[in-house]
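The structure appears right after this line, and notes come after that.
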Amino acid sequence: MSEFFSMSGYGIYLWPAFALGIGVVVLNLVMALNSLSNARKDARRRLEMNSPEETA
Amino acid sequence: MKTNPLEVARLVAARDLRLAFRKPSQLLQPLMFFMIVATLFPLTLTPEMSRLRDAAPGVLWVGALLSSLLALEFLFRDDAQDGTLEQFALSGQSLTWMLFAKTCVHWLLTGLPLALSAPIAAMTLGVPGSAMWSVVASLALGGFALSLIGAISAGLTLGARRGGVLLSLLTLPLAVPILVYGANATQLAIAGEAIGPPMYLLGAIAVLGVTLAPLAAAAAVRIGLE
Amino acid sequence: MATWTWFHRFGSPPYMYGFARRWAPWFGGVAAFAMLIALYGGLVLAPEDYQQKDAFRMVYVHAPSAWLSLMVYTTMAVAAAVGLIWRMKVAHAVAAACAPVGAWFTVAALGTGMLWGKPMWGAYWVWDPRLTSELILLFLYFGYMGLRAGIEDTAKADKASAVLAIVGVVNVPIIKYSVEWWNSLHQVASVMKLGKPTMNWDMRWPLLLMLLAFTLYFAAVLLIRLRAELLRRERNASWVREVVT
């Protein structure tokens, strides 16, 4: 197991590299979902402002 | 009525030259800027000539780039403000040729003088006399390519807020090859070697710029004027 | 005339919104699954390299990130060109949605590259053509996003940034071929070459799977961002009402 973590001595470079790569993957997914959720909220808010009865 | 594009270009060039000589101080500004930047490095880095000589290619070219970015703001600004640019775009004549003419005049008034006065700055940086011609030649050619590419970003930032900073940001990535080969040519010249290879590459970039940049700049200006 | 209907459908914001909502989860799900398998294959199953030992495993994050940085820029430039030539709003929205993702993966490519370079070459950074042009790519992404942000009118921003994206696309082949055209420290392609590849299959399949996974992942993220972009641009359209309430 410790062999796996040490990665023939290169672990100190390898694991941060994977953390960066996977981190960017997760981050972009989260940011995209966030952006969508904000856009939806914003659209809903504007619709409510312009025509409150119809969004009941 | 479509006039011969070369004739149109000649007219635009003549106009630009005439206007520029009415305000000669505007022409001197980029030049002064370059001189100041070039002198800042010996003052802040080291007075040791041998080390300055090593840094000279970088200093000269970064200085030339910064000065050129400063000068690019003048390329379209006055004409955009007083509506002349719009008239050019609406005239039915070739906007591409007109912008090419403007870019050439711009280089004649900023890039070329910079290249010709570079030996003074180069001397303070320890560049040997034998390298001076190469310094002038590479800066002249590189400066021409820079003006061409800068015309694109100048056109793109016409309608933008804080256009000056954005212009620099946009020009930079496209200017990097010019910087790399130009500085390489200067470095080879200082070492006394032949500067053929990087000069050919600079030439190739300039040719590519001449054929494509005015087209892109014209497209950018039309968008910016809408 | 079937191609025109297809083309028109993709140009319609409400259609694309529905398309994106339907397909994003699929692309995302398959991508996640593929990534897990590829990671297992690359980190556990693949044998260690003769020269680089276990360090070569960084290829499983570095190469896909670099691939994405280039592919996303190309997608952005193509979408921008389509938007400019055929005046399709949706195409411009696609281009806008691509930019932040591409920039992040350029950062990932550069970062993972630096972490790989230190043990292999002894330096975090060298000014060789491939690394330098990848850095220029990052500047191009920043310039693109900066230009968009600096122009108030959306239509104008779309067109201006489209010109920039197209002008900058010349950098993509430079990055790709830099290792062949110039003397570079960076390794020449050993994965997708036609003919005999130099990487053995046990190491190769996780990489290919990871490249596929990243591509599908990008499709998912792009579709999500596209939905947000369309909502923002089409604020006053009637289809928006049906979709958010």
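Values for this structure:
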item	result
Number of the condition not met by A:ILE12 [criteria: (1) facing another protein chain (nearest Cβ under 7 Å); (2) among the β-branched types (Val, Ile, Thr); (3) more than 21 Å from the chain's Cα centre (by Cα)]	(1)
Residue among C:TRP4, C:TRP104 that alone is closer than 30 Å to C:ARG235 by Cβ, free of Cβ contacts under 8 Å to residues at least 24 places away in the same chain, hydrophobic (A, V, I, L, M, F, W, C) and within 10 Å of chain A (Cβ to nearest Cβ)	C:TRP104
Any hit, the range C:126-133, residues being closer than 30 Å to B:ILE223 by Cα, touching a helix residue (DSSP H, G or I) at 6+ places or on another chain (Cβ under 6 Å) and at pLDDT below 95	yes
The range C:147-167, residues that are among the small types (Gly, Ala, Ser) and either more than 7 Å from every other protein chain (Cβ to nearest Cβ) or surrounded by fewer than 16 Cβ atoms within 10 Å (Cβ to Cβ) (or both)	C:ALA149, C:ALA155, C:ALA157, C:SER161, C:ALA162, C:ALA165
Positions within the range B:79-97 being touching a Ser or Thr at 6+ places or on another chain (Cβ under 8 Å) and in a helix (DSSP H, G or I), in sequence order	none
Selection status of B:VAL176, more than 16 Å from the chain's Cα centre (by Cα) and at negative phi	no
Of the criteria (1) over 14 Å from B:HIS106 (Cβ atoms); (2) surrounded by fewer than 24 Cβ atoms within 10 Å (Cβ to Cβ); (3) more than 9 Å from chain C (Cβ to nearest Cβ), which one B:ALA140 fails	(1)
Cβ-Cβ under 8 Å pairs, at least 6 apart or on other chains, the range C:7-26 side of a type in the set (D, E, K, R), far side loosely packed, with under 15 Cβ neighbours inside 10 Å	C:ARG9/C:TYR15
Members of the range C:41-62 found to be without any contact (Cβ under 8 Å) to a residue 40 or more places away in the chain and either among the β-branched types (Val, Ile, Thr) or farther than 16 Å from A:GLU3 by Cβ (or both), listed by number	C:VAL44, C:TYR50, C:GLN51
C:ALA79 being touching a Cys at 6+ places or on another chain (Cβ under 9 Å), surrounded by 15 or more Cβ atoms within 10 Å (Cβ to Cβ) and part of a helix (DSSP H, G or I)	yes
B:ALA151 being within 14 Å of chain C (Cβ to nearest Cβ) and either in contact with an Asp or Glu (Cβ under 6 Å, 6 or more places away or on another chain) or of a type outside the set (Phe, Trp, Tyr) (or both)	yes
Residue in the range C:134-146 that is modelled with the lowest pLDDT, counting only those that are surrounded by fewer than 21 Cβ atoms within 10 Å (Cβ to Cβ) and more than 7 Å from every other protein chain (Cβ to nearest Cβ)	C:LEU135
Residue satisfying all of: in the range A:24-56; within 8 Å of chain C (Cβ to nearest Cβ) and within 30 Å of C:MET120 (Cα to Cα); surrounded by the fewest Cβ atoms within 10 Å (Cβ to Cβ) among these	A:LEU27
Residues of the range C:112-133 classified as more than 11 Å from chain B (Cβ to nearest Cβ) and crowded, with 20+ Cβ neighbours inside 10 Å, total	7
Criterion (out of contact with any Pro (no Cβ under 7 Å at 6 or more places or on another chain) and assigned to a loop (DSSP other than H, G, I, E, B)) met by exactly one of B:PRO47, B:PRO57, B:PRO42	B:PRO47
Some residue of the range C:175-195 being on the phi > 0 side of the Ramachandran plot and either modelled with pLDDT under 85 or not basic (Lys, Arg) (or both)	yes
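Per-residue answers, yes or no, for (1) part of a helix (DSSP H, G or I); (2) in contact (Cβ under 8 Å) with a residue 24 or more places away in the chain:
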{"site": "C:GLY111", "(1), (2)": "yes, no"}
{"site": "C:MET120", "(1), (2)": "yes, yes"}
{"site": "C:VAL126", "(1), (2)": "no, yes"}
{"site": "C:LYS159", "(1), (2)": "yes, yes"}
{"site": "C:ALA165", "(1), (2)": "yes, yes"}
{"site": "C:GLU180", "(1), (2)": "yes, no"}
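The values are calculated or read from the model by the stated rules, or taken from the named source; none is laboratory data. Here the structure is a predicted model, which is why all the values come from computation and not from measurement. Neighbour counts are summed over all protein chains in view; Cβ atoms, including those assigned to glycine, are modelled from backbone coordinates with ideal geometry.
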